[in-house]
Structures are given as structure tokens and as C-alpha cells.
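Asks: Quick one: structure below, then a few questions.
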Amino acid sequence: ADQHMPDVAVDERGRVYVAWYDRRGYELGDSVNAYVAVSVDGGETFGSDQRLSRAGSYWSGNREAGGFGEYVGDRIAVAAGADFGVVAWADFRDIDRGATDANVYSARIVDIPVAVTDVSDFSASPHEAGVRLAWHVNDVRAVTGLRVYRQSPEGDELPLGTAEIEARAAGAYEYVDRTAEPGASYTYRLRIARGVGADWLGPVEASMPAAIRALAWRRAWPNPFAGATELHLAVPQAAEGAVRVYDVQGHEVRTLRAGRFEPGEVSLAWDGRDARGNAVAPGVYFLAARVGAASVRMKLARVR
């Protein structure tokens, strides 16, 4: 008898269709499902596997009606037309409802998924605990492990962490380099292990902000301003505090923030309005910050 596991067909556009039975999800059982994958580049790469059967089928056929009987896997076939494929397979899914023979099912393949990069979107960015490395796993089948490497000042690449990161499922992954030092810049690559070989993503770079040693205004932009201005305050350690706006006579115009400040760079904004919501007149104003026992001031100018 002809053996049809897997079966292959090519349509008139050169797309390759491969159909087979697969035990995934039933490693300890006897069930299988029918799958198909399609290549749009002559077999160089294949898109994601498409499960065709909606319920598992007994691989060994109807055991209750006559031992192990015929094997379902001997009967799967794929044919191709001008720009589509058709898969037909034998299916014993109805045994539990009293069926004694297999039924034949088929599916027309018209929605062609193309191959995707199994790991993508590798990036690096400053993080409160170090440098955050992030990437996305699109297909775990060919990936046996992942590991971040960092370039040393001497130009060598050193692995981070104690072991490879296992890709258990598709989705977003990240690793935080907690050894990154304030004020330093780093270059990273991601090694993708594939069993007998490996590929790399990167390099990507990230620069850590300098250590904050004292309370300070980093910038106000724009300044002078007409509508609103964005403010950045460097806070060295956690403490209670407040940021307030005063006019040239020393009268409080508005409190922009009051409460607990965490260490790091704090972003605020002033829309040029007072505590009642009224637009203040053009002129010079002072931005005063007090966090813990430290205080700093900065001059702002509002124009029409």
C-alpha cells in the first residue's frame, strides 16, 4: 500500500504544501491531528503549522472493534490546484460515539501563512535596575535556548546570567542586566541556540543615566514657553517633598506636585495656569523644588 505520511504537493505558482499527522499535545496518548504547512519560496522556508482537524483521532484505529486494525497515519494526502491546496485524511475521532470505521475529512488551503523570523525585535533600554533587554519569540520549534551577551571594554563578548533562557512558548521575553553601572554605555547581542548551531540578533546599545548625587533641575523645555513646558527634576533619594511655582513677588502660584518622591528623574509639566485654572500673565516665574532637606530653584519665562 502507498504510504502517505507526510505527503507533498506543489501548486502552479510553485508553492509547496506538506501534510502530515502529528502527536503534539498527546505525547503520552494515542491521538493525532492532521497538519499542513506551506512554503511560498520553493521549500526554502515554511510558514507556521496549521492544524486541520478539530478533534484528535486515534492513531491505532478502532481498537475496540478489532484490535489495533488499520493505522490512521497511512491515509493522508495533499493535492494542489492553481493557487490552493487540498488535504484529505482518515479520521477516527467518532470512535467514542460508537463508530466502527474511519471517516474521511478534507480542507482547502487558501489562507497561506508565510514564514516568520522565529526570534525578533531585540532591543535595549535603561531600566531602574540596570539595562532591560527585550525580544519576541515568534516560533519556539527551532529555538533550544537564548542568551544575552555584552561586549566588554576590551571588545570581548561575555555571556550574562548563569544559563541559557528556555523559550517555552511564543511571546515577549526580557532580561535585565543588573550589573550595568550609572553613566556607562553598553553593547549587547542575543544568541539564539538551535541545537547544532546558533544565530545572533543585534548589536543593540543602551546608555545608563549618570548617578544622581544631589537634587537638581535637569531641564525645562521649552523655556521661554507660551502654552506649556515640560520639567525634569533629578531626585537622589526617596523623601517627601513638593514642587511649586512662585511669581517674582514670592507669591505661590500653584503646587505642581506634593507627596513622596522616588529616586530617579521625575517628569512634570506646567500648563501656565494658576491653582484656580486661570492662565497666568506673561512674565518671569520661579520653580521651586524641595525634597527632604534639599531645595533647588529654576527661573521660567512665560511669553504670549
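Asks: Per residue, what accessible area does the chain have, given a 1.4 Å probe and all protein chains present, in Å²?
Replies: I get 57 Å² per residue for this part.
Asks: Dipole of the chain, Cα-centred, from +1 at each Lys and Arg C-beta and -1 at each Asp and Glu C-beta, to the nearest 20 debye?
Replies: So the dipole magnitude of the chain works out to roughly 2260 debye.
Asks: Per DSSP helix of 4 or more residues, -39500 (n - 2.57); summed, then divided by the residues of the chain. What does that give at 222 nm, rounded to the nearest 500?
Replies: Only helices count here, giving 0 deg cm²/dmol.
Asks: I'd like to compare 209-217, 84-92, 266-274: which one has the highest average count of other Cβ atoms within 10 Å, and what's the full order after that?
Replies: So the order, starting with the most tightly packed, is 84-92, 266-274, 209-217.
Asks: With +1 on the Cβ of every Lys and Arg and -1 on the Cβ of every Asp and Glu, and nothing else charged, how large is the dipole of the range 187-250 about its Cα centre, in debye rounded to the nearest 20?
Replies: 280
Asks: Another question about this same structure. So, counting K/R as plus one and D/E as minus one, what does the shell of residues with Cβ under 13 Å around Ala281 add up to?
Replies: +1
Asks: Quick check: pseudo-label points 7 Å beyond the Cα along Cα→Cβ at Tyr246 and Arg219, how many nm apart are they?
Replies: Using points 7 Å along Cα→Cβ, the separation is 2.7 nm.
Asks: A follow-up question, please. So I have [x] 1.25; [y] 1.12; [z] 1.08, and one of them is Rg/Rh (Cα atoms, Kirkwood Rh) calculated from this model. Which one is it?
Replies: [x]
Asks: Under the Karplus relation 6.51 cos²θ - 1.76 cosθ + 1.60, θ = phi - 60°, what is the ordered set of whole-Hz ³J(HN,Hα) values for the range 82-92, x standing for Gly and Pro?
Replies: Going residue by residue, I get 5, 8, 8, x, 10, 10, 10, 8, 7, 9, 9 Hz, with x marking Gly and Pro.
Asks: Moving on. Amide H of Arg219: which non-local residues (sequence gap of 5 or more, or other chain) have their own amide H closer than 5 Å, using H built in the peptide plane?
Replies: Distant-sequence amide H within range of Arg219: His232.
Asks: Related question: Projecting each Cα onto the charge dipole of the chain (Lys/Arg +1, Asp/Glu -1 at the beta carbon, about the Cα centre), which of Ala167, Tyr186, Ala55 comes out farthest on the positive side?
Replies: Tyr186
Asks: Hey, another quick one. Magnitude of the Cβ-charge dipole of the range 120-213, K/R +1 and D/E -1, about the Cα centre, nearest 20 debye?
Replies: Charge dipole, the range 120-213, about its Cα centre: 160 debye, nearest 20.
Asks: Then there is this: Compare the Cα positions of Leu233, Val110, Val40 along the charge dipole of the chain (+1 at Cβ of Lys, Arg; -1 at Cβ of Asp, Glu; about the Cα centre) and return the one farthest towards the positive end.
Replies: So the residue we want is Leu233.
Asks: List the residues whose amide H sits under 5 Å from the amide H of Val176, counting only those 5 or more places along or on another chain, with H placed 1.01 Å from N in the peptide plane.
Replies: Under 5 Å from the amide H of Val176 lie the amide H atoms of Leu133, each far enough along the sequence or on another chain.
Asks: Across the range 152-271, how large is the tail of the calculated P(r) beyond 20 Å, expressed as a percent of all Cα pairs?
Replies: It works out to 63 percent of all Cα pairs.
Asks: A follow-up question, please. Quick one: net charge of Arg147's neighbours, Cβ under 9 Å, K/R +1, D/E -1?
Replies: Taking every other residue near Arg147 into account, the sum is 0.
The values are calculated or read from the model by the stated rules, or taken from the named source; none is laboratory data. Computed from a predicted model, the values in this text were never measured in an experiment. Virtual Cβ from ideal backbone geometry, glycine too; neighbours counted across all protein chains shown. Ligands, DNA and RNA are stripped out before the accessible areas are found, and what is left, the full protein with its side chains, is counted by its heavy atoms. Shrake-Rupley method; radii C 1.70, N 1.55, O 1.52, S 1.80 Å.
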